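Here is the structure we will look at.
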Amino acid sequence: MNLLQFLVFSIIFLISACSSPKQVDLILTNVSIVDVENGTIIPNQYIAISNDEIIEAASVSNQNKFTSSRTIDLGGKYIMPGLWDNHVHFRGGEKLIEQNKEFLSLFLAHGITTVRDAGGDITPSLIDWKSQIEKRVLDGPTIFTSGPKLDGSRPAWEGSIEVVDINDVQFALDSLESINADYVKMYDGNLTKEAFYSIIEESEKRGLKTTGHMPLSADLMEAIRIGLDGTEHLYYPLKVTSSISDSLTQLDMGYQMITPLMENYNPDIAKKAFEEIGKHEFYVTPTLHVGKTLAELLITDHTSDSMLHYLDPKVIDTYQRRIRSAERGGESYTNQRAFWVESFKIMVKPMYDAGILIIAGSDSGPFNSFTYPGVSIHDELRLLVEAGLTPQEALITSVINGPKFFDMEDSYGSIKKGKIADLLILNANPLVDINNTKSIHSVVQNGKNYSTTDLELLMERLKN
C-alpha cells in the first residue's frame, strides 16, 4: 500500500467511524418536549439517555446519530422534567419505618422523581434509602433531607434536636453535617428568636441552606438580612403585610396573631415588603393543599378516598391527631381555617410577581390528615394556579425552583444535553391545563424507564 492509498483508507475509516451511531442506554422518540422555563412545546423530538444523563435532546431528523437496544416511540406524548415535591415528611418512629418506605413507590407512581424531606424522626432509615436509590437497588425518588429539625427546649415533634444557646447551635449543626444533611430545617415548637437567628448566622458561616418555621416573635426581614434562605408555609411572610404586625409581636400572641394580621392585610404594604424580599434569593413554600385539607376536616367525608387503599392502616391512624384537634375547635376551627385558606391564596401571586421564589411542596406524610404522598403535589399545583399563577408558573415552582434552592439548576429543570434524565411523560399538555400533570403515561428516574404497567404495579403492590 503506497502513501496515497494509506491516506485515502485512513480518511474513509475516520469518516465511517465518525458517522457510526453512538450507543446509548435508552432513546425516547417522537416526543413533545415541555419547555417549562419558556412556556413552549417543542414537537417531534427525541431524547438519548445513558445512565442518568441526557446525552442529546433534538429533532427526530437527527436521531440516526444514536442507537439503542431500548428505543421507545411515544407517539407525540408530552415530556417534561420529573416533578419535585419540596416539602414531605418521613416520620412516626420505628413502628412506621416500613410504612414510610412505601411512600417511595407512591411518589414515583405520581411522577415525582425528587423529594425534599422537611424533617422527621427516622433519619437513619431515610439516609439508607437515599443511598440505595442512588445505587439503583431501590425504586424511589431522589431524596434531599434536612435530617432532624432544630427546635427549642420542648420540641413539637419527635426526633428534633433541642437548641437553646450557641453551644447547642454548634452541636446541632455538627450533627447535621456528620450525616451530610442537605439543608437546615427549623421549627417553632418553642424555639426562641435568639436561637433562631443564631442558627441562621452559624449556618451561613458553614455554607448551609436554612429554611423552616420562624418564631413569631422574630422579624422576617432581619432573618433574611443575616442569611435565611427560605420559609415553609405562609404564616411568616404574612407578618410583613400589615401595619399592626409590630404591635401584635410585642404582645407575644404567637399564632393568635394570624387572624388579626389577615384582617388587617394591606396590599400596598405587602407589595412593598414582597419587592424588598424579592431582591434576595428567597424561597417560600406555601403548602396551600395541606392548609385547605386540614381546614375542611370536619366538613369533608374522606372515607371513599381511593388513596386510603394504598396506605398502611398505621399511617391512617396518625391522622386522628389532627382530627381530634379539629373536633375540639368545632365550627370555630372550620370557620377560622377557611378564612386562613382564602387569605393565604391572596398572597401567592403578589409574592411571585415580586421575585420571591415560590416552591411547590405538599407537606404530605404521617399525621397530616388526608394529605397523601404522591398525589398531593398535583393538588398543590392546582391550588397555585387557582391562586393566580399560570400553569407554566406553577410548574416552575416545582421543577425549576426546587433544584434552584440547592443550586442545582445546571443538573435539573429542563430537558437538555447534560441534564439529569429524571422525566415525566404525560398524555396531555400541562401548559394548557395544570390538571394534565395527572395524565401520567410513564416516568424515567435514575436511568430507569417505568412504563405505564410498571407504575401500575408499584401501586398494586401497596393496595390493601
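The values are calculated or read from the model by the stated rules, or taken from the named source; none is laboratory data. Given the structure is predicted, the values throughout are model-derived calculations rather than measurements. Every residue, glycine as well, gets a Cβ built from its backbone with ideal geometry; the counts of neighbours run over all protein chains shown. What goes into the accessible areas is simple: the full protein's heavy atoms, side chains included, and nothing from ligands, DNA or RNA. Shrake-Rupley method; radii C 1.70, N 1.55, O 1.52, S 1.80 Å.
Given the criteria at pLDDT below 95 and of a type in the set (A, V, I, L, M), does Met214 qualify? If you could, list the steps in order and put the result at the bottom.
Numbers: at pLDDT below 95: no; of a type in the set (A, V, I, L, M): yes.
In short, no.
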Q. Restricting the range 293-306 to residues that are in contact (Cβ under 8 Å) with a residue 40 or more places away in the chain and more than 16 Å from Gly330 (Cα to Cα), which is surrounded by the most Cβ atoms within 10 Å (Cβ to Cβ)?
A. His302
Q: Enumerate the pairs (first residue in the range 240-251 and in contact (Cβ under 8 Å) with a residue 12 or more places away in the chain; second residue anywhere and basic (Lys, Arg) and open to solvent by less than 70 Å² (accessible area, probe 1.4 Å)) with beta-carbon separation below 7 Å, excluding pairs fewer than 6 apart on the same chain, so at least 6 apart or on different chains.
A: Ser245/Lys239
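If you take just the strands (runs of 3 or more DSSP E) that sit entirely in the range 402-464, which of them hold at least 1 residues that are of a type in the set (D, E, K, R)? Steps first, please.
Numbers: elements: 423-426, 440-445, 448-450.
Filter on the range 402-464 gives 448-450.
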Q: Scan Ser69, Ser125 and give me the residue that is out of contact with any Lys or Arg (no Cβ under 6 Å at 6 or more places or on another chain) and either under 23 Å from Glu409 (Cβ atoms) or open to solvent by 40 Å² or more (accessible area, probe 1.4 Å) (or both).
A: Ser69
Q) Which ranges mark the helices (runs of 4 or more DSSP H) fully within the range 164-266 that have 1 or more residues being out of contact with any Cys (no Cβ under 6 Å at 6 or more places or on another chain) and of a type in the set (Val, Ile, Thr)? A) 166-178, 193-206, 220-226, 245-250, 258-263
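Table: residues versus (1) within 30 Å of Leu458 (Cβ to Cβ); (2) among the hydrophobic types (A, V, I, L, M, F, W, C).
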position	(1), (2)
Ser332	no, no
Ala354	no, yes
Leu383	yes, yes
Glu386	yes, no
Ser398	yes, no
Asn401	yes, no
Ser411	yes, no
Ser414	yes, no
Ile420	yes, yes
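Being under 25 Å from Phe405 (Cβ atoms) and out of contact with any helix residue (DSSP H, G or I) (no Cβ under 9 Å at 6 or more places or on another chain) is the filter here, so list the residues in the range 55-88 that pass it. Walk me through it before giving the result.
Just the residues of the range 55-88 that are under 25 Å from Phe405 (Cβ atoms), to begin with: 57, 79-88.
Passing the criteria: Ala57, Ile79.
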Q | Checking Ser125 against (1) outside any helix (DSSP H, G or I); (2) over 19 Å from the mean Cα position of the chain (by Cα), the condition it does not meet | A | (1)
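Out of all the residues in the range 369-385, which are in contact with a Ser or Thr (Cβ under 8 Å, 6 or more places away or on another chain) and over 26 Å from Ser242 (Cβ atoms)? So that I can check it myself, show each step before the final result.
First, the residues of the range 369-385 that are in contact with a Ser or Thr (Cβ under 8 Å, 6 or more places away or on another chain): 369-374, 376-381, 384.
Residues satisfying the conditions are Ser369, Phe370, Thr371, Tyr372, Pro373, Gly374, Ser376, Ile377, His378, Asp379, Leu381.
Is it true that some residue in the range 297-305 is in a helix (DSSP H, G or I), hydrophobic (A, V, I, L, M, F, W, C) and either within 25 Å of the chain's Cα centre (by Cα) or at pLDDT 95 or above (or both)? Step through it out loud before you land on a result.
The initial filter retains those residues of the range 297-305 that are in a helix (DSSP H, G or I), namely none.
No: zero hits.
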Q. Does Ile346 qualify as being in contact with a helix residue (DSSP H, G or I) (Cβ under 7 Å, 6 or more places away or on another chain) and in contact (Cβ under 8 Å) with a residue 12 or more places away in the chain?
A. no
Q.
Checking the structure you have, find out if any residue of the range 323-340 is within 30 Å of Ile440 (Cα to Cα), touching a helix residue (DSSP H, G or I) at 6+ places or on another chain (Cβ under 8 Å) and open to solvent by less than 30 Å² (accessible area, probe 1.4 Å).
A. no
Q: Within the range 115-150, work out how many residues are in contact with a Leu (Cβ under 8 Å, 6 or more places away or on another chain) and β-branched (Val, Ile, Thr).
A: 4
Q) Can you tell me which residue in the range 151-170 is least open to solvent (accessible area, probe 1.4 Å), limited to those that are closer than 24 Å to Gly93 by Cβ and among the acidic types (Asp, Glu)? A) Asp151
Q | Pick from the range 433-464, criterion within 23 Å of Asp73 (Cβ to Cβ) and hydrophobic (A, V, I, L, M, F, W, C), ranking: most open to solvent (accessible area, probe 1.4 Å) | A | Leu457
(Q) I'd like to verify a number: residues in the range 387-404 that are more than 23 Å from Gly291 (Cα to Cα) and open to solvent by less than 30 Å² (accessible area, probe 1.4 Å), how many? (A) 1
Q: Would you mention how many residues in the range 347-384 are open to solvent by 20 Å² or more (accessible area, probe 1.4 Å), of a type outside the set (Gly, Ala, Ser) and over 14 Å from the mean Cα position of the chain (by Cα)?
A: 7
Q: Would you confirm whether any residue within the range 355-370 is touching a helix residue (DSSP H, G or I) at 6+ places or on another chain (Cβ under 7 Å), touching a residue at least 24 places away in the same chain (Cβ under 8 Å) and assigned to a helix (DSSP H, G or I)?
A: no
